[in-house]
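Chemist: Would you mind keeping the following structure in view while I ask a few things?
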Amino acid sequence: MRPFRERNPAVTGAVGLVVLAAVLLTAFRLDDLTALGDRTYRAAFRDASGLAVGNEVRVAGVRVGEVTGVGLARGATGPYVRVRFRIDDDAVRLGEQTGATIRIKTVLGQKYLALAPAGPGRLPEDAEIPLDRTASPFDVMSAVTGLAETLDEIDEAQLATAFRTLTETFADTPGSVRSSLDGLARLSRTVADRDAQLRELLARARNVTEVLADRDEEFRRLVADGSALLAEVSRRRDAIHELLVGTRDLAAQLSGLVADNRTTLEPTLRQLREVVAVLQRNKDELEQTLRTVGPFLEAFTNVLGNGRWFDSYLRGLLQPYVPTTGGR
């Protein structure tokens, strides 16, 4: 085998680039490679209801796959929404009468596809669940947003004029009809008078929904953490109950102990209060005594600290010797 320095550099560089491109392509298409063994199916819906690619597919609340495509299709009865999804759990068995439902995952409107396995046999791969076995939820956020946009386009003046015209037209009708139309006219005038407040209210509601949508992940984590806390409290319910019962029993026993020994404790506490009063009155003398005892104890410890004898010395017992000089 020839060493690399003896080979053609152009060929070596080209092979290296091909290998590098293959590695990069494999890295970017890794999800597709891992999904080769998954099963794919379809489901027909009257309304997609906000379902998007990447949303979860669940069976009995457990994630078993994800949505891979959402698009329009045309059938014998007209257009409908075709949802493609894959199942990556081999343990999931879908019968021939399996149904599908689009459900709301969070309060902010995120959706997921819920499957209800039913029927004998096994649903063939790439089979489509028909419209009579699928259902879509009602999206409250979309309805509120649509209401805000609809109210923004209402001409309040023309609406009030229309109701007033109807009232004048039905002027000769029975009193109950006129009363109803008068009520409608007053309602239209009220809507027209409160137009600015309604617009502001709907605008703020739209802002709130946008903020909640932007914080969907944090809100979902908060709900999950709260659920975990409640689950932990539920698991330790017996321990918390025993702790509370024990605390109550301890308080009852302490109350009984005090009640049984009241005649003995009361004189003791009275004498203790008198002793504390005496110490409080002589606080200055006690502080002076403690300051004086300190140096005494230090000197006494030095005397007796070397053994079973007194270690001390006498100073000035003998007259010091002073030598004399001659002639003096």
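The values are calculated or read from the model by the stated rules, or taken from the named source; none is laboratory data. Everything numeric in this text was worked out from a predicted model, so none of it was measured. Cβ placement follows ideal geometry from the backbone for every residue including glycine, while neighbour counts extend to all protein chains displayed.
Chemist: Please find, among Gly65, Gly71, Gly95, the residue that is under 15 Å from Arg42 (Cα atoms) and outside any strand (DSSP E or B). Lay out the reasoning, then the answer.
Modeler: Values: Gly65 fails: outside any strand (DSSP E or B); Gly71 fails: outside any strand (DSSP E or B).
Result: Gly95 is the single residue among Gly65, Gly71, Gly95 that is under 15 Å from Arg42 (Cα atoms) and outside any strand (DSSP E or B).
Chemist: Something else now. Which count do you get for residues in region 100-127 that are surrounded by 14 or more Cβ atoms within 10 Å (Cβ to Cβ) and closer than 30 Å to Glu217 by Cβ?
Modeler: Matching residues across region 100-127 total 16.
Chemist: Look at region 60-74 and say how many of its residues are among the hydroxyl-bearing types (Ser, Thr, Tyr) and at pLDDT below 90.
Modeler: Number of matching residues: 0.
Chemist: Considering each of Thr247, Thr289, Thr264, Thr209 in turn, give the residue that is in contact (Cβ under 8 Å) with a residue 12 or more places away in the chain and of a type in the set (Val, Ile, Thr).
Modeler: Values: Thr247 fails: in contact (Cβ under 8 Å) with a residue 12 or more places away in the chain; Thr289 fails: in contact (Cβ under 8 Å) with a residue 12 or more places away in the chain; Thr264 fails: in contact (Cβ under 8 Å) with a residue 12 or more places away in the chain.
Being in contact (Cβ under 8 Å) with a residue 12 or more places away in the chain and of a type in the set (Val, Ile, Thr) holds for just one of Thr247, Thr289, Thr264, Thr209, which is Thr209.
Chemist: Looking at region 220-231, can you tell me whether even one residue there is in contact (Cβ under 8 Å) with a residue 60 or more places away in the chain, under 30 Å from Lys111 (Cα atoms), surrounded by 10 or more Cβ atoms within 10 Å (Cβ to Cβ) and in contact with a Ser or Thr (Cβ under 7 Å, 6 or more places away or on another chain)? Full working, then the answer.
Modeler: Going through region 220-231, the residues in contact (Cβ under 8 Å) with a residue 60 or more places away in the chain turn out to be 220, 223.
If we keep only those that are under 30 Å from Lys111 (Cα atoms) too, we end up with 220, 223.
Among the residues that remain, those that are also surrounded by 10 or more Cβ atoms within 10 Å (Cβ to Cβ) are: 220, 223.
Now drop any that are not in contact with a Ser or Thr (Cβ under 7 Å, 6 or more places away or on another chain), which leaves 220.
Yes, region 220-231 contains a residue that is in contact (Cβ under 8 Å) with a residue 60 or more places away in the chain, under 30 Å from Lys111 (Cα atoms), surrounded by 10 or more Cβ atoms within 10 Å (Cβ to Cβ) and in contact with a Ser or Thr (Cβ under 7 Å, 6 or more places away or on another chain).
Chemist: Please determine whether any residue of region 19-26 is among the small types (Gly, Ala, Ser), more than 24 Å from the chain's Cα centre (by Cα) and modelled with pLDDT under 90. First the steps, then the outcome.
Modeler: Keep residues of region 19-26 that are among the small types (Gly, Ala, Ser), which gives 21-22.
Imposing the further condition that a residue be more than 24 Å from the chain's Cα centre (by Cα) reduces the set to 21-22.
From what is left, the residues that are modelled with pLDDT under 90 are 21-22.
Checking region 19-26: at least one residue is among the small types (Gly, Ala, Ser), more than 24 Å from the chain's Cα centre (by Cα) and modelled with pLDDT under 90.
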